[in-house]
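Asks: Have a look at this one before I ask anything.
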Amino acid sequence: RATPVGTADPGRLWQTLTVMPNDIALSVGGVVRGPNGGWTAQAVAAAYDPWSGRYVRVRQPTYPRSDHGATVLHDGRLMVVGGHDGPRFVRAVELYDPRTDRWSVAAPLPRGRTQFAIATLPDGRVLVAGGFEEPGEASDTSLLYDPRADAWSDGPRLTVARALSAAVQLENGDVLLTGGQRAAAGTAERYDARAGVFVFAGTLVAPRMYAQAALAEDG
């Protein structure tokens, strides 16, 4: 049964929601609707504690963004990447440390990117794949971030330009991308974390876009 838990701030769209190592659910960014009907990206974070059933106060990030990506690094920090600020692509990257409740700035994206897939790989690097790349076309490129060097490098090409897809990380560390916009809508592909390449992963029964995916208990 679903139980309403309320909200700590005005309702937002296109934010990220990530479960941290301490079980806190951290919501970052998103857009709110203004009095004139327009939508404005926010530099905001809200944390929900499932054990107390209440929101807890956390320090706010620096950069407003929506349609961005977030992933937990192996050291427990949250990495928040890219997105939109209105019509502007965001290149900024921030790291949140739940132990100190502080944000820090990491190396920015080489180019602005939004609505992409993101995952922390078994070797500790972060994969950013597909999405819309500045100035606005769906991309078949990927990037790899090394948190030890605080540096980005080019990753392998996807099998097709893929944005607005669903992504889920498998038990072996591979990342499955499903559906998306246009040519990607009816297909899936998998990032092979050991080989470092994208491989075709089948055709969907029905094309889909803006889907969600989660790993089942049987893998």
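Asks: Which of the listed residues, 38, 21, 63, is farthest toward the dipole's positive end in region 1-117, when Lys, Arg count +1 and Asp, Glu count -1 at the beta-carbon?
Replies: In region 1-117, that residue is 38.
Asks: Of the heavy-atom accessible surface of region 65-219 (probe 1.4 angstrom), what whole percent is carbon and sulfur? Present the calculation step by step, with values, prior to reporting the outcome.
Replies: On the way: 3610 of 7240 Å².
In region 65-219, the share of accessible area belonging to carbon and sulfur is 50 percent.
Asks: If you don't mind, there's one more thing I want to ask. Report the full-extension gain for the segment residue 204 to residue 150: residue separation times 0.36 nm, less the Cα-Cα distance, to one decimal in nm. Let's see the in-between values first.
Replies: On the way: separation 54, 0.36 × 54 = 19.44 nm, distance 3.69 nm.
Stretched out fully, the residue 204 to residue 150 stretch lengthens by 15.7 nm.
Asks: Just how much of residue 13 is accessible, in Å², when a 1.4 Å probe is used and the result is rounded to the nearest 10?
Replies: Accessible area of residue 13: about 80 Å².
Asks: Using a simple charge model, +1 on the beta-carbon of Lys and Arg, -1 on the beta-carbon of Asp and Glu, nothing else, what dipole does the chain show about its Cα centre, in debye to the nearest 20?
Replies: Its charge dipole is roughly 560 debye.
Asks: Same structure again: Determine the gain in length on full extension of the stretch residue 54-residue 157; use 0.36 nm per residue of separation and subtract their C-alpha separation, reporting nm with one decimal.
Replies: The span from residue 54 to residue 157 would gain 32.8 nm if fully extended.
Asks: Could you sort 68, 74, 84 by accessible area so the largest value comes first, with the probe set to 1.4 Å?
Replies: The ranking, largest first, comes out as 74, 84, 68.
Asks: Tell me, what ³J(HN,Hα) does each residue in region 10-26 have, in order and in whole Hz, if you take phi through Karplus 6.51 cos²θ - 1.76 cosθ + 1.60 with θ = phi - 60° and put x for Gly and Pro?
Replies: 3J(HN,Hα) across region 10-26, in whole Hz: x, x, 10, 10, 6, 8, 9, 9, 10, 7, 7, x, 8, 6, 5, 8, 9.
Asks: Here is a further query. When ligands, DNA and RNA are left out and all protein chains stay put, how many square angstrom of accessible area per residue does the chain have with a 1.4 Å probe? Walk me through the numbers before you get to the answer.
Replies: Numbers: 11470 Å² over 219 residues.
The answer is 52 Å² per residue.
The values are calculated or read from the model by the stated rules, or taken from the named source; none is laboratory data. Since this is a predicted model, take the numbers as computed values, not measurements. Virtual Cβ from ideal backbone geometry, glycine too; neighbours counted across all protein chains shown. Remember, those area values only see protein heavy atoms, side chains included, never the ligands or the DNA or RNA. Shrake-Rupley method; radii C 1.70, N 1.55, O 1.52, S 1.80 Å.
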